[in-house]
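Chemist: The structure's right below; bear with me while I get my questions together.
Computed from the coordinates by the stated procedures, all read-outs in this text should not be read as laboratory data. Since the structure is predicted, the reported quantities are computational estimates derived from the model, not experimental observations. We place every Cβ from the backbone using ideal geometry, glycine too, and count neighbours over all the protein chains shown.
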Amino acid sequence: MATISVVIETDSIHSYDDITIADCIRAITRQTYPADQYEVIAVDGGKAPALRDLVMAAFPTATVLALPAGTKFEQKNLGASVATGEILAFVDGDCAPPTDWLAVIARELGSAPSNVAGVQGITRLTDGWLAPEVSALFYGVRRRNGTLWAGRLVTDNCGFRRDVFRRFAFEHPGFSTVVDTLLLRRLERAGYRMLVCDDLRMSHSFPGLATKDGLGWFFGRAYGVGYYMVRMRQIEPDLRGSALVRRAGLGWPVLFLGKCVMDLRQVWENRRRLHARFIPALPLAAIYETALFIGGVAAILRVPPPRWS
């Protein structure tokens, strides 16, 4: 039986979360996977008061690392660097996995060929107005040409073979997003694949779209994705579409249109999996893509980078 290191980042937590860090830790205590076969590593960025006490009360042998103001990718890298398990299981502090989460990760990686670096699951926002549609837009999985291989990486619900992850890790971890896209690209270039597993489920906090916090979360994410899509491609020619934005950003509209098409296809392909309605998702996607485009323009104009989680 494989040993697992559960890495919890805490940069993603907010005061308005309906899944708290306490809920996240409680969900991990309820795993059906044998308790002596997994360890817990939590990284404290300063946003979770008394995190050490909370974690140690549930897992007396856990490791709690301090990384003040660290981004979620910096925290994940730090947690992975001290992990002793054969498998790394990443979960964000505003998420709660079901009881079989670790068992599914171990099962899938245990039966996968050696060129499979990890497994990617399905993330769904908690209940709320348009929650399924936002889930499909933000977290819907993509598959490579209808295969079992992931075409995108969502790191709040995934597992990696530890030694493979450590070879690559998250580059430019100070960025708020697109770091996961670069990791997947690096893995694929080296001959690895990420497996998609529908049985690997995760519940993600959802502030709703009818509140100030919810709107800030939605628009902040949209703007940030656009910003870092451009910024990462300005410095990383290995990413698809880099040539389009490296010439004074003139190709950003073309890359943006391609992103719109992929996002709509993603919503369509995940509508049954996440019980999302395609037609109500269209105006939502239009608003999202508009904010995303503005974020990309901001990166071209060298506006200071946003920080969101």
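Chemist: Over the range 177-217, what number does the Rg to Rh ratio reach, with both radii from the alpha-carbon atoms and Rh per Kirkwood?
Modeler: Values: Rg = 15.9 Å, Rh = 13.3 Å.
Computed over Cα atoms, the ratio is 1.19.
Chemist: Also, quick follow-up: Arrange the peptides 81-88, 153-160 so that the one whose residues have, on average, the most other Cβ atoms within 10 Å appears first. Walk me through the numbers before you get to the answer.
Modeler: Numbers: 81-88: 18.1, 153-160: 24.6.
Final packing ranking: 153-160, 81-88.
Chemist: Still on this structure: Round to the nearest 0.05 the FRET efficiency obtained for Thr211 and Ala286 when R0 = 35 Å and r is the Cβ-Cβ distance. Can you show the working numbers first?
Modeler: Details: r = 21 Å, r/R0 = 0.60.
After rounding, the FRET efficiency stands at 0.95.
Chemist: Right, another one. Can you work out the base-10 log of I(q)/I(0) for the range 4-204 at q = 0.12, 0.18 1/Å, using the Debye formula on its C-alpha atoms alone?
Modeler: -0.54, -1.33
Chemist: A follow-up question, please. Considering the alpha-carbon set of the range 110-170 alone, what are its Rg and its Dmax in angstrom?
Modeler: Radius of gyration, then largest Cα-Cα span, for the range 110-170: 13.7, 42 Å.
Chemist: Express in nm, to one decimal, how much length is gained between Asp100 and Val297 on full extension, taking 0.36 nm for each residue of separation and deducting their alpha carbon distance. List each step's numbers first, then the result.
Modeler: Numbers: separation 197, 0.36 × 197 = 70.92 nm, distance 4.27 nm.
Fully extending the segment from Asp100 to Val297 adds 66.7 nm.
Chemist: To continue, here is another question. If all Cα-Cα distances of the range 28-98 are sorted into 10 Å bins from 0 onward, what percent lands in each bin, rounded to whole numbers?
Modeler: 18, 57, 24, 1
Chemist: How about the range 107-155: which chymotrypsin sites (Phe, Trp or Tyr not before Pro) there lie in a loop by DSSP and see at most 14 other Cβ atoms within 10 Å?
Modeler: Details: sites: Trp129, Phe138, Tyr139, Trp149; in loops: Trp129.
Hits after loop and neighbour filter: Trp129.
Chemist: Kindly provide the Kirkwood hydrodynamic radius of the range 155-309 in Å, to one decimal, from all pairs of distinct alpha carbon atoms. Kindly include the intermediate steps, with their values, before the conclusion.
Modeler: Numbers: mean 1/r = 0.0587 Å⁻¹.
Evaluated on the range 155-309, it is 17.0 Å.
Chemist: Separate question: Using only the alpha-carbon atoms, how far is helix 72-82 inclined from the longest principal axis of the chain? Give it as 0 to 90 degrees, nearest 10.
Modeler: 30
Chemist: Could you compute the FRET efficiency for Thr84 and Glu171, with r as their C-beta to C-beta distance and R0 at 22 Å, rounded to 0.05? Don't skip to the answer; put the middle values down first.
Modeler: On the way: r = 24 Å, r/R0 = 1.07.
Efficiency computed from Cβ-Cβ geometry: 0.40.
Chemist: What are the aspartates and glutamates whose alpha-carbon lies under 19 Å from the alpha-carbon of Lys259, with same-chain residues fewer than 8 places away excluded?
Modeler: Glu133, Asp180, Glu236, Asp238, Glu269, Glu289
Chemist: In addition: Take the Cα atoms of the range 212-300, build their convex hull, and give its volume per residue in Å³. Mind dumping the intermediate values first?
Modeler: Working: hull volume 8.9 nm³, N = 89.
Dividing the Cα hull volume of the range 212-300 by its residues yields 100 Å³.
Chemist: Sticking with this one: Please state the relative contact order of the range 105-207 as a whole percent: Cα pairs under 8 Å, 6+ residues apart?
Modeler: On the way: 155 pairs, mean separation 45.0, N = 103.
Worked out over the range 105-207, it gives 44 percent.
Chemist: Quick one: Karplus J couplings for the range 164-176, per residue in order, coefficients 6.51, -1.76, 1.60, θ = phi - 60°, nearest Hz, x for Gly and Pro?
Modeler: Result, rounded to whole Hz: 5, 4, 5, 5, 10, 6, 8, 7, 6, x, x, 6, 7.
Chemist: To continue, here is another question. How do Asp23, Asp198, Asp213, Asp94 line up, fewest other C-beta atoms within 10 Å first? Provide the component values of the computation, followed by the final result.
Modeler: Working: Asp23 16, Asp198 10, Asp213 13, Asp94 27.
Sorted ascending by nearby Cβ count, the order is Asp198, Asp213, Asp23, Asp94.
Chemist: Short version: ³J(HN,Hα) in whole Hz for each residue of the range 280-295, in order, from phi by Karplus 6.51 cos²θ - 1.76 cosθ + 1.60 (θ = phi - 60°), x for Gly and Pro, what are they?
Modeler: Values per residue, Gly and Pro as x: x, 6, 5, x, 4, 5, 4, 5, 4, 5, 5, 5, 4, 4, 4, x Hz.
Chemist: With r as the distance between the Cβ atoms of Ala50 and Met1 and R0 = 41 Å, compute the FRET efficiency 1/(1 + (r/R0)^6) and round to 0.05. Walk me through the intermediate numbers first.
Modeler: Values: r = 33 Å, r/R0 = 0.81.
After rounding, the FRET efficiency stands at 0.80.
Chemist: Working from the alpha-carbon coordinates of the range 72-185, get Rg over Rh, Rh being the Kirkwood radius.
Modeler: Numbers: Rg = 14.1 Å, Rh = 15.0 Å.
Computed over Cα atoms, the ratio is 0.94.
Chemist: In percent, how large is the relative contact order of the chain, given Cα pairs closer than 8 Å and 6 or more residues apart? Walk me through the numbers on the way to the answer.
Modeler: Values: 602 pairs, mean separation 63.0, N = 309.
Here the relative contact order equals 20 percent.
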